[in-house]
Structures are given as C-alpha cells and as structure tokens.
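Participant: Here it is, the structure in full.
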Amino acid sequence: MNSEFWHQLLIGFCMVLILEGILPFLYPQRWRSLVQQLAQVSNQALRITGLMSMMIGVIVLYMIN
C-alpha cells in the first residue's frame with residue numbers, strides 16, 4: 001500500500017509538470033509577459049491566490065474520493 005501511495009504521488013507530480021509546461025511551450029512570449037506581470041504582484045496577493053488554489057485542490061480531491 002505504501003508503494004502505491006508513492007507511485008500515485010509521483011504520477012500526480014508528473015501531471016503537474018506536464019500541465020505547467022503547456023503554456024510556455026505553446027505561447028512562450030505570452031508566458032514571459034505573464035511572469036513579468038506576476039513579478040509586480042504583492043506577496044500578500046500571491047499568498048492568498050496560492051492558499052485559494054490549495055483549498056480548491058483539497059476540496060476537489062475530497063469530492064472525487
């Protein structure tokens with residue numbers, strides 16, 4: 001069971017890498033512009049966005065399991 005957990009976790013991590021790589025691969029200039037804009041966002045706004053993203057992820061995981 002422990003081995004299956006790590007296997008599933010690795011699959012999830014790989015999926016994150018694939019999804020994160022889609023935008024820079026398809027639209028490198030737009031992605032660069034987005035990163036420049038994000039550099040000007042306050043730390044508090046980024047933290048709130050990150051927290052909301054994590055909460056949505058936990059809720060969706062809870063709902064599908």
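Participant: Is it the case, given these coordinates, that Ile22 is loosely packed, with under 10 Cβ neighbours inside 10 Å, on the phi < 0 side of the Ramachandran plot and either among the β-branched types (Val, Ile, Thr) or in contact (Cβ under 8 Å) with a residue 12 or more places away in the chain (or both)?
Facilitator: Working: loosely packed, with under 10 Cβ neighbours inside 10 Å: no; on the phi < 0 side of the Ramachandran plot: yes; either among the β-branched types (Val, Ile, Thr) or in contact (Cβ under 8 Å) with a residue 12 or more places away in the chain (or both): yes.
The answer is no for Ile22.
Participant: Would you be able to tell me the number of residues in the range 36-57 that are loosely packed, with under 10 Cβ neighbours inside 10 Å, part of a helix (DSSP H, G or I) and hydrophobic (A, V, I, L, M, F, W, C)?
Facilitator: Residues that pass the stated criteria total 0.
Participant: Select from the range 4-30 the residues that are in a helix (DSSP H, G or I), of a type outside the set (D, E, K, R) and more than 23 Å from Gly57 (Cα to Cα) and list them in ascending order. Walk me through how you get there before you give the answer.
Facilitator: Let us first name the residues in the range 4-30 that are in a helix (DSSP H, G or I), namely 4-26, 28-30.
Subset that is of a type outside the set (D, E, K, R): 5-19, 21-26, 28-29.
Residues satisfying the conditions are Phe25, Leu26, Pro28, Gln29.
Throughout, read-outs are computed from the coordinates displayed, never taken from laboratory work. It should be emphasised that the depicted structure is a prediction, and the values quoted were computed from it without experimental measurement. Reconstructed Cβ throughout: ideal geometry from the backbone, glycine too, with neighbour counts over all protein chains shown.
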